[in-house]
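Enquirer: Below: one structure in structure tokens.
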Amino acid sequence: MLSILYILMFFAGGVWISRMLLPRRRPLVRLYIGLSLGVLMMMWLPALWAHLVRFSYAAHWLSLGTLLILCALAWLLRDKHPAKAMDAQEERLALDLLWMVVPLTLLSGLLQYTHSIRPAADGSYHVGQSTYGDLSLHLAVTTSIVNAKFPLENSLMLGATMAYPYLADSIATSMYMLGQSLPAAMTFTGTLMMALVYMGYGLLVSQLCRKRGARYLAFFLLFLNGGLGFFYTLSGRVENGYVFNLWDNLSNVMHGYYQTPTNQPDPNNLRWVNIICDMLIPQRGILGGWTMLMPCLNLLLPPLCKRERHTFREMVLLGTMAGGMPLLHTHSFLALALLSLGMCVYSIATASRDENASADDAQSEWFLPIEKKISSPTLRAFLPWLCYGAVAAALSLPQLINFTFVQATESNHFLRFQFNWCNNRGGNGLVDPYFWFYIKNIGLPYLLILLALLKRKPKDAETLPDAIRQNRLIACGAFLIYLIAEFILFQPNEYDNNKLFYVWFLLCLPMAADYAFEVYERLSGIGGRRVIAAAFLVTCFLSAGLTVARECVSDYQAYSAKDVQVGEYVRKNTPEHSVFITGNQHLNPVSSLAGRTILCSSDSYLYYHGFDTTRRRMEVAAFYEDPAMNLELLGRYDVDYIYISSYERSSSWFTLNEEALETLFPVVYESYGGEHRIFQVPEEMKQ
């Protein structure tokens, strides 16, 4: 209950600030910006105070005090225009949002519950297919932040700074500390952020799409994305003389491990994974990033597309929200920066024409008093961008310099050139022809985007020419993202560039959806028009439907009842942030369930974040094989406990000498049957 009251306080504060600064924005947009701002403040304020008082209860109460100060400051700096009220148009928009947001939020809540260490009747923790690999990383970050000192250290690699964006996990830590169980904290915050993402994109497409039906189409094309992979599922095949028919393939989709038609790197080169199942549910980094990306897009895009002038308060708020993104999700921040750069260039290049077109606009106002003294339309157009960019840079550069750039520059496998990202595996040549790769992965929306961009300016007076301008404005930013992502890899895993491509995709979908409805209207009077439309929808959504269905029934045990018990023992009976020697298994109850620091975790977590674990793994292996000859390791790393389980006993990279451990160290915990054992390191052995 305390956790709910706490987050409601931040929601109320965010809505108040939004009301003070954005009274002339649409009521639903203003409400949404306020809710998102509340989440951002709840992520950032405790983390900032943690530099002084750790990530403690004191940091959380000080954050509430800071929230009150920010609310008072917003009142002092308020825009005194009357707030725009709800009208019939807003009520229709609210109804559309309900139809878009509620179904996907319910689906996401179910998946978050079943995929975020769902407690089973036997005491074990279960996950889904998509979270089996990634979730334990986020659990380790979440549990290790409790009462941690900042700058945060990486609990999965002793001695390393936490450069991985962690704020989407720290909000779960806050809920965990304020009374929610670990599964509930992960599920609650995950579902909350997904609801905000859906609401944000629903509002965005509702303001950018010209037709009401197009907003629905664009919305569901994003979140139920899937290309033509279902053709592989519907097609029969012969392997080693055995015939596999449609039903065999469907069974494989529903019961196989990563056999869905949106995620089959091998053998079909299907890499355009479903955003809900394979991105937002398992990867809390992109979920947190999109939670802030959507309000930034709602602040930035609609006024530009409608030739309205941004106010000073809007641009400062936009810069503040954008500046807080690097420690949420670096790819989302980069995508927003590239989008802003492309649209800034377009806006400045067309400043004279746009200023003449909007000279009599009642919404237009001077950005700053100094703007009245600027005669050049180009400089006047640049002034809001300068304000937005300066605020965003001032807030983001400390994060980038102290975290992101350190991680990237200390590794030799970040930032490299490679054309066509994961279709050109390792730079060894294209697997599929260029355009066919995107057509089969993205599907018909890819063709619609290209056709919408090729559309000429309409000659009839009934069609607004602003539609063409809007497409070109957005395309200048969106395709800059596409171009950069097509030639530069930003992480060791080339697949991760999809986090940039998805932002390009969501930006281009409104123009694609509008174009689809125009084509449908032109087919008026042609027999079978509805059949063509139905075939189009099936082609767009069948792959995603199969993927979502598979994820809904997926169920894997991540932690046995004994794993959960040992995690609970460690959490309650060992000092916070004490150091353990363990194997490098990715399902590790010591690091993930108890939040303790270990010497070296799995390469699947560390290598792709820039760490070379070779030396540390060799040190751990040498200790497990011959503890007596490697006691100096205990003092060097200030080790408190040694953990063994079935994983350490069956490790392929060392042979455990359990008898030597029994001779040297006292056992402080042993599970029934002896599967899990914890040895305590006496203080004198650390000298």
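Enquirer: Among the listed pairs K84/K211; K80/K455; K84/K499, which are separated by more than 32 Å between their Cα atoms? Intermediate values should be presented prior to the final figure.
Expert: Details: K84/K211 23 Å; K80/K455 42 Å; K84/K499 35 Å.
In this structure, K80/K455; K84/K499 exceed 32 Å between Cα atoms.
Enquirer: In terms of the ratio Rg/(2.2 N^0.38 Å) built on C-alpha atoms, what value belongs to region 547-624? Mind dumping the intermediate values first?
Expert: Working: Rg = 15.1 Å, N = 78, 2.2 N^0.38 = 11.5 Å.
The value comes to 1.31.
Enquirer: Beyond 19 Å, what percent of the Cα pairs of region 6-78 remain? Display every interim value, and only then the final one.
Expert: On the way: 879 of 2628 pairs.
Percentage above 19 Å: 33.
Enquirer: If you take the square roots of the eigenvalues of the alpha-carbon gyration tensor of region 40-195 and sort them as a ≥ b ≥ c, do you get rounded (a/c under 1.5), prolate (a/b over b/c) or oblate? Don't skip to the end; give the middle numbers.
Expert: On the way: a/c = 2.56, a/b = 1.18, b/c = 2.18.
In terms of gyration-tensor shape, oblate.
Enquirer: With a 1.4 Å probe and every protein chain kept in, tell me what percent of the accessible surface of the chain is carbon plus sulfur. Don't jump to the answer; show the numbers that get you there.
Expert: Details: 17280 of 27830 Å².
On the chain, the fraction of accessible area on carbon and sulfur atoms equals 62 percent.
Enquirer: Report the extension gain between L664 and N240 in nm, rounded to one decimal, defined as 0.36 nm multiplied by the number of residues separating them, less their alpha carbon distance. Display every interim value, and only then the final one.
Expert: Values: separation 424, 0.36 × 424 = 152.64 nm, distance 5.53 nm.
Here the segment from L664 to N240 would lengthen by 147.1 nm.
Enquirer: Beyond 28 Å, what share of the Cα-Cα pairs of region 534-687 remains, rounded to the nearest whole percent? Kindly include the intermediate steps, with their values, before the conclusion.
Expert: On the way: 3452 of 11781 pairs.
Value for region 534-687: 29 percent of Cα pairs lie more than 28 Å apart.
Enquirer: Would you calculate, for the chain, the mean residue ellipticity at 222 nm contributed by helices, counting each DSSP H stretch of 4 or more residues as -39,500 (n - 2.57) and dividing by all residues, to the nearest 500?
Expert: Working: 27 runs with 400 residues, N = 687.
Counting only the DSSP helices, I get -19000 deg cm²/dmol.
Enquirer: Output the DSSP H helices from the chain with an along-axis C-alpha extent of no less than 20 Å and a mean Kyte-Doolittle hydropathy no less than -1.0. Could you put the intermediate results ahead of the total?
Expert: On the way: long enough: 2-21 (29 Å, 1.75); 27-53 (38 Å, 1.53); 57-76 (29 Å, 1.63); 88-115 (40 Å, 0.59); 182-208 (39 Å, 1.30); 284-305 (31 Å, 1.10); 330-349 (29 Å, 1.61); 377-399 (34 Å, 0.90); 466-487 (31 Å, 0.91); 498-522 (35 Å, 0.52); 529-553 (35 Å, 1.31).
Correct list, ordered by number: 2-21, 27-53, 57-76, 88-115, 182-208, 284-305, 330-349, 377-399, 466-487, 498-522, 529-553.
Enquirer: Taking the Cα centre of the chain as origin and charging only Cβ (+1 Lys, Arg; -1 Asp, Glu), how large is the dipole, in debye to the nearest 20? Intermediate values should be presented prior to the final figure.
Expert: Details: 52 positive and 53 negative charges, 624 e Å.
About 3000 debye.
Enquirer: Which part of region 207-222 falls in the paramagnetic zone of S524, meaning amide N under 19 Å from the point 7 Å along Cα-to-beta-carbon?
Expert: Counting only backbone N, you get 210-215.
Enquirer: How far apart, in nanometres, would the label points at L483 and R615 be if each is projected 7 angstrom from Cα along the Cα-to-Cβ direction?
Expert: 4.2 nm
Enquirer: Tell me the per residue accessible area of the chain using a 1.4 Å probe; a whole number in Å² is fine.
Expert: Accessible area per residue, the chain: 41 Å².
Enquirer: Related question: Measuring from label point to label point, each 7 Å out along Cα→Cβ, what is the H51 to N428 span in nm?
Expert: Here the answer is 4.6 nm between the modelled labels.
The values are calculated or read from the model by the stated rules, or taken from the named source; none is laboratory data. Not measured: the values here are computed from a predicted model. When we count neighbours, we look across all protein chains shown, and the Cβ atoms used for this are built from the backbone with ideal geometry, even at glycine. These area figures cover heavy atoms from the full protein model, side chains too; ligands, DNA and RNA do not enter into them. Shrake-Rupley method; radii C 1.70, N 1.55, O 1.52, S 1.80 Å.
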